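To keep things clear, I will list the structure first and then write my remarks on it.
What follows is calculated from the coordinates using simple rules that are stated; it is not laboratory data. Just so you know, these numbers come straight off a predicted model, no measurement behind them. Backbone-built Cβ (ideal geometry, glycine too); neighbour counts: all protein chains shown.
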Amino acid sequence: MKKRCSTALRNFFRARIVQTRNTLHLTQRQMADALMMAERSYAALESGESGCGALTLALFLTHFCDDPTAFCAEMKEVFENSLATAGSIP
């Protein structure tokens with residue numbers, strides 16, 4: 001169940017950073033700089049090889065989210081759906 005939730009959140013964040021980067025016409029290097037990480041680490045986020053930490057999430061919300069509340073609500077829905085799929089929520 002933990003793996004299912006982690007994968008769901010990783011995929012959610014991955015989709016959002018790719019969408020944001022493409023919308024803003026930024027390079028991976030520019031996104032990596034804004035998120036205070038190495039370009040290789042950013043590429044791993046974007047490819048789904050790794051998930052983000054709290055600092056990366058906070059920087060993304062600060063720099064790229066017009067409505068962090070909406071982003072968090074979407075993330076909560078993804079998380080709850082992954083729990084329900086795993087059978088943890090009645």
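Numerical summary
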{"read-out": "Per-residue HN-Hα couplings for region 78-85 [Karplus 6.51, -1.76, 1.60; θ = phi - 60°; Hz; x = Gly/Pro]", "value": "4, 4, 5, 5, 5, 5, 5, 5"}
{"read-out": "Cβ-based net charge around L61, under 15 Å, with every Lys or Arg adding one and every Asp or Glu removing one", "value": "-1"}
{"read-out": "Under Karplus coefficients 6.51, -1.76 and 1.60, residue-wise ³J(HN,Hα) of region 64-75 in Hz, glycine/proline x", "value": "10, 9, 5, 9, x, 5, 5, 4, 5, 5, 5, 5"}
{"read-out": "In region 7-72, GluC sites (Glu not before Pro) in a DSSP loop with at most 12 other beta-carbon atoms within 10 Å", "value": "E49"}
{"read-out": "Radius of gyration and maximum dimension Dmax of region 9-90, Cα, Å", "value": "13.4, 43"}
{"read-out": "Local electrostatic count at E46 - Lys and Arg +1, Asp and Glu -1, tallied over other residues with Cβ under 13 Å", "value": "+4"}
{"read-out": "Distance in nm between pseudo-label sites at A73 and E39 (7 Å out along the Cβ direction from Cα)", "value": "3.8"}
{"read-out": "Cβ-placed point charges (K, R +1; D, E -1), dipole of the chain about Cα centre in debye, nearest 20", "value": "340"}
{"read-out": "Selection from A70, Y42, I17, by position along the positive dipole direction of the chain (Cβ)", "value": "Y42"}
{"read-out": "Neighbour cut-off at most 16 other Cβ (10 Å), DSSP loop, trypsin sites (Lys or Arg not before Pro), the chain", "value": "none"}
{"read-out": "Gain upon complete extension [E80, L26; 0.36 nm per residue less C-alpha separation]", "value": "16.3 nm"}
{"read-out": "Vicinal HN-Hα couplings computed from phi for region 50-56 (Karplus, 6.51 cos²θ - 1.76 cosθ + 1.60; Hz; Gly/Pro x)", "value": "9, x, 9, x, 4, 5, 4"}
